[in-house]
Structure formats: C-alpha cells, structure tokens
Amino acid sequence: MGGDKILSVNGIPAPSRERMIEIISKSEGKPCEIVFNRGNEKKSVTVTPQYDPINKRARIGIVFSEGVYEVKRPGPLPWVQIRDVTEKTFGVISALIHTKQTGVKASDLSGPLVSFPF
C-alpha cells in the first residue's frame, strides 16, 4: 500500500531500496518475512520471491515510490536527529553481525577521507 516503509527482510535491516532488492534476490523460492510500518502500525507479511526471467532476479511484486522532499521549519529536533543516527548506526552494526545473510563486510564500509599531518 502506498506510504508503507520497509523496516527489515528476514530480520535483516533494509535501509535502502537497493539493499532490499539484494536481500530479496538472494532469497528466491524461500519464504521471507517483511516487517514494515503502515501509518503508525508495525506489520509483517511472509512472501516467497519468485524468479523473474525478464529482470533476471527474484522478485516479490512491489513497486517503490519516489522519495518525497519536504522542507520542515524549524528543522528536526536534536534528539530526533540523534535517534535517527543511532538507528542507522545500529542498522549497519546489525548488517555486519549478520554478514552471512546480508553479504555486508567491513571492507564494504566507507566514509570521508581524513588526512593527518604526521
């Protein structure tokens, strides 16, 4: 349904469209539990990805919406920003802990390059 936000697939955080597609593609023919928010309610559904010969990967039959840009004034409160960063940080840590399921390794991580004068 429009406006749903996917939280995880098989207990693995799915922070982006690309990550979710990757997890689903690796789960062809196996039941997958998808946890999502619909409005203020957390729901889950179990689906079995099927191979799509046109796209050459397993799919579950959902369509992603384009992101919505919304200007908020004043901006988010500091504790909301801290919560968001904390959730993203623990999502990355969880992906690293579940490396066999997610395929995410420490070598996949990157960040700003910092030069130290030594």
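Would you kindly give the portion of the calculated P(r) for the stretch 16-95 that falls above 16 Å, as a percent of all Cα pairs? Please report the intermediate quantities before stating the final value.
Working: 2146 of 3160 pairs.
Everything past 16 Å amounts to 68 percent.
For Lys5, give me every one of the aspartates and glutamates with a C-alpha distance below 18 angstrom, ignoring sequence neighbours fewer than eight places off in its own chain.
Straight-distance partners of Lys5: Glu18, Glu22, Glu33, Glu41, Glu66, Glu70, Asp84, Glu87.
Want the number for Arg57 to Lys100: 0.36 nm per residue separation, take away the alpha-carbon distance, what's left?
On the way: separation 43, 0.36 × 43 = 15.48 nm, distance 1.94 nm.
Contour length minus Cα-Cα distance gives 13.5 nm.
Any idea of Lys5's accessible area? Nearest 10 Å², probe 1.4 Å.
Approximately 130 Å² for this residue.
The values are calculated or read from the model by the stated rules, or taken from the named source; none is laboratory data. Everything numeric in this text was worked out from a predicted model, so none of it was measured. These area figures cover heavy atoms from the full protein model, side chains too; ligands, DNA and RNA do not enter into them. Shrake-Rupley method; radii C 1.70, N 1.55, O 1.52, S 1.80 Å.
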